[in-house]
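Inspection log for the structure reproduced underneath, given as structure tokens.
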Amino acid sequence: MYNIATALASQVLLLGTVKSVDNGESVLPVKSQIFNTENSKLCQAIDFVNVGFTGSYLPVSSLNDIEKDTCSCDVGERVWFSGNIAPIDDAVTVHFRGPLKLHKFAFYTSPYYVLGNPHSGDWERMAHYDSSTQKRENVTFLNKEGPHSLCLGKALSYADDSGIASAVESTTLSDEAVLSSDEEFVIFSELECPPSAFDGACGVYREGIPAYHGFDGDTKMFLFEFEMPTEPQTPNPHFEFYDMPAIWLLNAHIPRTAQYPNNVKCSCWASGCGEFDIFEVMNSTEVNHLYSAFHTFQGIDDVGIGIQAPAYLERDPHGIMAGGVIFDSKGYTRVFFSDKIDFDDDVITASTLYKIMNSISPKSVHQSKLTKVSIYAPMDDVKSIGIKLTQKSSIIAYSLVALTTLILYSKL
């Protein structure tokens with residue numbers, strides 16, 4: 001759960017994270033699955049306000065001897081980002097964990113949209129999947145059934161029609177496909193990556209994987225129709241996430257290198273390149289509560305715990321649910337359930353989406369306000385496309401806008 005009291009500690013988040021990641025001495029951060037939900041309330045929609053900040057992360061620059069016990073990874077120059085939903089405005093991939101059955105998926109972008117404004121821009125569908133018709137557009141199903149590496153874990157592979165086993169080519173997920181606990185698949189776009197390269201469009205990625213772009217955009221929306229049935233298997237120690245389904249977004253660099261690495265340098269996740277949990281069961285005592293959270297360094301110093309709203313949406317283990325997430329052009333993010341979504345629309349007008357959102361009672365909407373954080377890099381490190389900070393000695397000014405503003409000076 002996000003606590004404003006962590007704001008002051010967050011001012012040193014990048015300095016502390018940079019040093020621990022750069023010298024490789026820190027323990028790999030672990031995403032927390034247990035947090036205080038005592039005061040959480042049932043909602044139909046969860047809003048995050050002030051989403052997006054200026055920050056940075058460490059990209060993977062090389063993967064070394066990945067098939068050997070001596071495998072290792074290196075990181076390159078710090079990549080800076082800034083924007084209304086940054087770093088989630090970067091290309092992301094869509095991840096699913098069972099027990100789950102996906103009926104429909106759609107990805108939309110808009111040139112400009114403000115939540116609650118019926119005169120904003122319309123939404124154009126950029127990707128689509130329908131299990132009943134077996135139609136998919138700009139969708140590639142992958143999973144983690146590739147070769148194992150000691151430091152990287154399992155590699156990406158094409159998913160077969162069950163979503164569980166591997167395939168030799170891109171395959172459409174069957175209408176009968178159902179994930180059990182711990183089983184996962186991921187959706188990428190169908191745009192193939194260029195060769196792996198630090199300065200390439202997809203950066204450095206693992207050799208031999210089916211490499212595809214994610215879904216990018218400053219203003220975007222993901223919609224889902226799905227089931228999260230109760231896990232029929234008996235609990236046993238082999239399950240890590242028993243009856244804890246989830247749908248979440250990751251920076252696309254993460255799965256292309258290592259989603260679950262044993263080396264902190266083998267993924268940009270620990271340094272804050274971005275994750276957003278849309279619908280996730282967070283602990284085994286609340287299996288029907290779906291929480292949402294940002295795993296970034298916006299005003300906090302623990303990317304594992306993240307920024308979690310003290311509210312949840314109700315999982316229906318016996319029925320079909322529909323909803324999604326909207327990232328608007330003004331730093332608002334809304335996670336919601338609605339039975340009024342039409343997945344067949346190539347274009348969703350602003351007025352149509354306004355009506356859908358208006359059908360949700362304001363009393364059923366929880367709002368969490370993220371801390372405003374501004375970070376300034378030295379002018380000599382500003383590049384024409386974005387901002388990068390070299391690993392030379394530099395002074396960085398961190399300005400945290402909350403109840404007070406502090407400026408810290410430190411060397412990397």
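In this structure, is A322 under 19 Å from I187 (Cβ atoms) and either surrounded by fewer than 18 Cβ atoms within 10 Å (Cβ to Cβ) or not acidic (D, E) (or both)? For A322, the condition - under 19 Å from I187 (Cβ atoms) and either surrounded by fewer than 18 Cβ atoms within 10 Å (Cβ to Cβ) or not acidic (D, E) (or both) - is met. With the requirement that a residue be among the basic types (K, R) and buried (at least 18 other Cβ atoms within 10 Å of the Cβ), what does the stretch 104-141 give you? Across the stretch 104-141, the qualifying residues are K104, R125, R136.
Please pick out the residue among F224, F198 that is in contact with a Gly (Cβ under 8 Å, 6 or more places away or on another chain) and either in a strand (DSSP E or B) or at pLDDT below 95 (or both). Show your work before the answer.
Numbers: F198 fails: either in a strand (DSSP E or B) or at pLDDT below 95 (or both).
Exactly one residue qualifies, and that residue is F224.
Listed conditions (1) surrounded by fewer than 18 Cβ atoms within 10 Å (Cβ to Cβ); (2) closer than 24 Å to S157 by Cβ are all met by K101, apart from (1). Among the residues of the stretch 201-221, just one is in a loop (DSSP other than H, G, I, E, B) and aromatic (F, W, Y), namely Y205.
Take the stretch 322-335 and flag every residue that is within 24 Å of K372 (Cβ to Cβ) and either of a type in the set (A, V, I, L, M) or part of a strand (DSSP E or B) (or both).
Taking the stretch 322-335 as the starting set, the residues that turn out to be within 24 Å of K372 (Cβ to Cβ) are 325-335.
Across the stretch 322-335, the qualifying residues are V325, I326, F327, T333, R334, V335.
Being surrounded by fewer than 17 Cβ atoms within 10 Å (Cβ to Cβ) and acidic (D, E) is the requirement here; does D160 meet it?
Values: surrounded by fewer than 17 Cβ atoms within 10 Å (Cβ to Cβ): no; acidic (D, E): yes.
So D160 does not fit the description; no.
Take the stretch 161-177 and flag every residue that is within 16 Å of Q134 (Cβ to Cβ) and touching a Leu at 6+ places or on another chain (Cβ under 9 Å). Of everything in the stretch 161-177, those that are within 16 Å of Q134 (Cβ to Cβ) and touching a Leu at 6+ places or on another chain (Cβ under 9 Å) turn out to be D161, S162, G163, S170, L173, A177. In the stretch 144-159, the condition of being out of contact with any Leu (no Cβ under 9 Å at 6 or more places or on another chain), part of a loop (DSSP other than H, G, I, E, B) and among the charged types (D, E, K, R) is met by no residue. In this structure, I407 does not satisfy being modelled with pLDDT of 95 or more and either surrounded by 12 or more Cβ atoms within 10 Å (Cβ to Cβ) or among the β-branched types (V, I, T) (or both).
If I go through the stretch 345-362 residue by residue, how many of them are part of a helix (DSSP H, G or I) and not charged (D, E, K, R)? Before you say what the answer is, go through the steps one by one.
Step one: list which residues in the stretch 345-362 are part of a helix (DSSP H, G or I), which gives 350-358, 362.
Narrowing the set further to residues that are not charged (D, E, K, R) leaves 350-354, 356-358, 362.
Total meeting the criteria: 9.
Set side by side, the residues V325, V373 differ, and just one is under 20 Å from T54 (Cα atoms) and touching a residue at least 24 places away in the same chain (Cβ under 8 Å), which is V373.
Is it the case that the stretch 236-253 has a residue that's acidic (D, E), free of Cβ contacts under 8 Å to residues at least 24 places away in the same chain and surrounded by fewer than 20 Cβ atoms within 10 Å (Cβ to Cβ)? Within the stretch 236-253, none of the residues are acidic (D, E), free of Cβ contacts under 8 Å to residues at least 24 places away in the same chain and surrounded by fewer than 20 Cβ atoms within 10 Å (Cβ to Cβ). No other residue among R256, R206 is under 18 Å from the mean Cα position of the chain (by Cα), more than 21 Å from R125 (Cβ to Cβ) and basic (K, R) apart from R256.
Quick check on P87: is it part of a loop (DSSP other than H, G, I, E, B) and within 19 Å of A252 (Cβ to Cβ)? Taking the combined requirement at face value, the residue satisfies it.
If only residues of the stretch 160-188 that are part of a strand (DSSP E or B) and free of Cβ contacts under 8 Å to residues at least 24 places away in the same chain are counted, the one that is farthest from the chain's Cα centre (by Cα) is A167.
The values are calculated or read from the model by the stated rules, or taken from the named source; none is laboratory data. What you are looking at is a predicted structure, and each value in this text was computed from that prediction instead of being measured. Note: ideal-geometry Cβ built from the backbone for every residue, glycine included; neighbour counts use all protein chains shown.
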